[in-house]
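To start, the structure itself, in structure tokens.
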Amino acid sequence: MKYKRILLKLSGEALMGEQQYGIDSDRLMQYSQEIKEVAALGVEVAVVIGGGNIFRGVQAEQVGLDRVQGDYMGMLATVINSMALQSALEKLGVYTRLLSGLNIQQVCEPYIRRRAVRHLEKGRVVIFGAGTGNPYFTTDSAASLRAIEIEADVVLKGTRVDGIYSADPEKDPNAIFYSSISFKDVFEKGLNVMDMTAFTLCKENGLPIIVFDMNTAGNLKRLVQGEKIGTLVTMDDLVESIEEAVDKIQNSESARSTERN
């Protein structure tokens with residue numbers, strides 16, 4: 001198996017399916033079935049899901065609400081989605097735990113890192129709700145933070161497109177697809193992978209990101225088994241720099257050896 005422990009990041013909007021808002025039951029069950037198949041392989045699965053299908057914190061200021069208040073409303077929206085996913089998974093016979101960044105003990109456990117890791121080790125799918133529990137942080141940031149805390153092997157960002165492009169492929173037919181790309185190149189090219197806080201967290205901790213199409217059945221399973229699906233974001237630029245430095249040292253030593261001879 002390519003990955004032992006993964007963190008799957010899903011957007012709230014993805015749950016809408018073809019609807020304008022809310023949760024599409026068919027899409028919810030599709031995602032749950034995909035997660036079940038991966039968990040059945042022995043992969044430890046953690047999930048962070050957004051709340052954009054219900055409410056986004058950034059929408060608050062647009063309607064005259066306080067941004068902090070709006071962010072907390074957005075966190076509650078993620079809890080609603082997390083509860084829906086938990087219910088769908090359990091309907092399929094998957095053992096789950098919902099951990100929240102906010103204290104809502106009637107419906108979910110408070111987030112405690114060691115408890116989350118223990119649940120994963122026992123084979124339970126762990127869903128992280130309410131983001132980081134703090135305003136001004138997106139669910140992308142929550143996904144990166146939780147992945148680092150639980151020592152996940154990779155962050156899998158499930159989207160409706162099949163990876164990272166040089167431009168929006170839905171608007172630009174000439175957009176270039178990247179099968180792999182470095183953190184440095186993503187930043188220099190101004191590509192939209194995650195918000196800057198989330199992206200920087202992954203970069204500084206050497207945590208790879210894979211952006212892939214979650215709506216294509218079987219993609220998640222094939223990905224964790226090692227197939228090249230979507231776009232892999234890694235620290236390859238650092239590896240290349242190290243290799244270049246090693247080559248320079250070896251060439252320098254070889255040159256000195258030639259001079260002595």
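Give me the net charge for the shell around Gln105: Cβ to Cβ below 15 angstrom, other residues only, Lys and Arg +1, Asp and Glu -1.
Summing Lys and Arg as +1 and Asp and Glu as -1 gives +1.
Using DSSP to call loops (not H, G, I, E or B), can you name the trypsin sites (Lys or Arg not before Pro) in the stretch 1-100 whose Cβ has at most 14 other Cβ atoms within 10 angstrom?
Of the trypsin sites (Lys or Arg not before Pro), the ones in loops of the stretch 1-100 whose Cβ has at most 14 other Cβ atoms within 10 Å are Lys2, Lys4.
Per residue, how much accessible area does the chain show when a 1.4 Å probe rolls over the protein heavy atoms, in square angstrom?
Working: 13690 Å² over 261 residues.
Result: 52 Å² of accessible area for each residue.
Tally up the carbon and sulfur contribution to the accessible surface of the stretch 5-236 as a whole percent, 1.4 Å probe, everything protein left in place.
Of the solvent-accessible surface of the stretch 5-236, carbon and sulfur hold 48 percent.
Of the lysine pairs in the chain, how many meet both conditions: Cα atoms under 18 Å apart, and a spacing of 8 or more in sequence or different chains?
Number of lysine pairs found: 23.
Within 10 Å, count the other beta carbons around each residue, average over each peptide in 216-222, 101-107, and list them highest first.
216-222, 101-107
For the stretch 5-236, give me the percentage of DSSP beta bridges that are antiparallel, rounded to the nearest 5 percent.
15 percent
Based on DSSP H runs of at least 4 residues, each adding -39500 (n - 2.57), what is the mean residue ellipticity at 222 nm of the chain after dividing by all its residues, to the nearest 500 deg cm²/dmol?
Using -39500 (n - 2.57) per qualifying helix, the result is -13500 deg cm²/dmol.
Over the chain, one equal point on each Cα, no solvent: what is log10 I(q)/I(0) by the Debye formula at q = 0.09, 0.14 Å⁻¹?
Calculated log10 I(q)/I(0) at the listed q: -0.43, -0.95.
With +1 assigned to the C-beta of every Lys and Arg and -1 to the C-beta of every Asp and Glu, and no other charges, what is the dipole magnitude of the stretch 5-236 about the Cα centre in debye, to the nearest 20?
Its charge dipole is roughly 740 debye.
The values are calculated or read from the model by the stated rules, or taken from the named source; none is laboratory data. Remember, it's a predicted structure, so these values are computed and weren't measured experimentally. Neighbour counts are summed over all protein chains in view; Cβ atoms, including those assigned to glycine, are modelled from backbone coordinates with ideal geometry. Please note that ligands, DNA and RNA were not included when accessible areas were found on the heavy atoms of the full protein model with its side chains. Shrake-Rupley method; radii C 1.70, N 1.55, O 1.52, S 1.80 Å.
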